[in-house]
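In what follows, a structure is listed as structure tokens, so that the remarks can point back to it.
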Amino acid sequence: MESEKGRLWVHTASVGEFNTLKPLLGELKKDFYIVLTYFSFRAKAYLVSQKAYYDELYRLPIDTPFHVRSFEKKVKPKAILIMERELWPFLLTFTRAPKVWINAYAKGGLLERLLSKSFDLIMARTQEDAERFKSYGSAKVVVCGNLKLSLQEPPPLELKVPESLLIVAGSTHPGEEELLLYAYRELRKEFKDLRLIVAPRHISRSQEVLRLFGEFKSILRTSQKEDWEVMVLDTLGELFSVYRYASVAFVGGTFVRVGGHNLLEPAYFSKPVLYGPYTQKVKDLKDFVESVGLGFEVGSSKELTDRLRELLKNPPKATIDIKGYASKVRTCYLENLKEFLGTL
């Protein structure tokens, strides 16, 4: 019952960060009453469908001293857990509950230096990040790795995929779909039954992407049609599950100056994953997937096409048990969190 549980205020920006947190939330909810806040308007519909992982859901209050203090008085949290770079100045400086920074990584700058001191516990991705936070004078810092590596296997989807080779391109941005169109057009000359699933980073672009692939038998995922060559994923929260069906994957935000998205999700299913040269936001994930023999950087449409061809013919095998590694990262976060919360 709620009256017997301490309350935790957990904040995440959007769907991707929430999915990264889900393994922790599932465990914490057994012992705590979870009040979840989010920032992105686009995340609401998906988060509403994930009620099993929290007790109450709100959009993040406006970042003013009055609004954050009023929300804290309403929620009465035992602690506030902040995911990744959601460093809202007034939230961090005007709330009174102990604060934990989860999956923290250092980018530098005066604001980071000042706000990092607001946390009672910082759970850092790397030793390098931890040393930076310690140099700021942060209270307690532990290193558990990138929480994105702690993925839990998603449930299977009701998705009818033809028994043929399949490329899954996730989190794509404008300009990247054109590269994929060129590659797919070329590869179809050799692999006649090759299928392609494209998941644009912003589903508001689904119709635009559908039109781009109009020369093929193209459908939206929500159309429920079974006869297709190219499918555009116009849903939230399904991409991770879709990767399990891939022969090879491409992750977007890497041929444009976004800096990359989650490279681990396809690798979790031991699928080879391709990406462009802009991976600065996910460098640790890039290093990881390359170290286990599943990550491949390409620099042009021709390189993308050639590497896809090679991997479709000769798929590599992972050199370690990725699921076992993910479990170790998850355990580190849970044990340190529970130890900290047990002292409050």
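Bear in mind these aren't lab numbers, they're just calculated from the coordinates by the rules spelled out. A quick note: this is a predicted structure, and the numbers were derived from the prediction, not measured. Every residue, glycine as well, gets a Cβ built from its backbone with ideal geometry; the counts of neighbours run over all protein chains shown.
For Val10, Val100, the sequence from fewest to most other C-beta atoms within 10 Å is Val100, Val10.
A Cβ-based charge dipole, computed about the Cα centre of the chain with Lys and Arg at +1 and Asp and Glu at -1, lands at about 780 debye.
As a rough footprinting exposure proxy, the listed residues Tyr105, Tyr182, Tyr275 were ranked by other beta carbons within 10 Å of their own, and the order from fewest upward is Tyr182, Tyr105, Tyr275. Once the Cα atoms are used to define both axes, helix 301-313 deviates from the longest principal axis of the chain by about 80 degrees.
Other residues within the sphere of radius under 15 Å centred on the Cβ of Lys217, judged by their own Cβ, net out at +3 (K and R +1, D and E -1). Length gained on full extension, Ser223 to Lys78, computed as 0.36 nm times the residue gap minus the Cα-Cα distance: 47.7 nm. Packing here is the average count of other Cβ atoms within 10 Å per residue, and on that basis the peptides 262-274, 238-250, highest first, run 262-274, 238-250. Helical runs assigned H by DSSP (4 residues or longer) give the chain a calculated mean residue ellipticity at 222 nm of -10500 deg cm²/dmol, each run adding -39500 (n - 2.57) before division by the residue total.
Shape class of the range 280-327 from the Cα gyration tensor (axes a ≥ b ≥ c, square roots of the eigenvalues): oblate, since a/c reaches 1.5 or more and a/b does not exceed b/c.
Where the centroid of each part is defined by its Cα atoms, how far is the range 117-141 from the range 275-313 in Å? Distance between centres, Cα-based: 31 Å. Near Pro89, once Lys and Arg are set to +1 and Asp and Glu to -1 for all other residues with Cβ below 14 Å from its Cβ, the sum equals +2.
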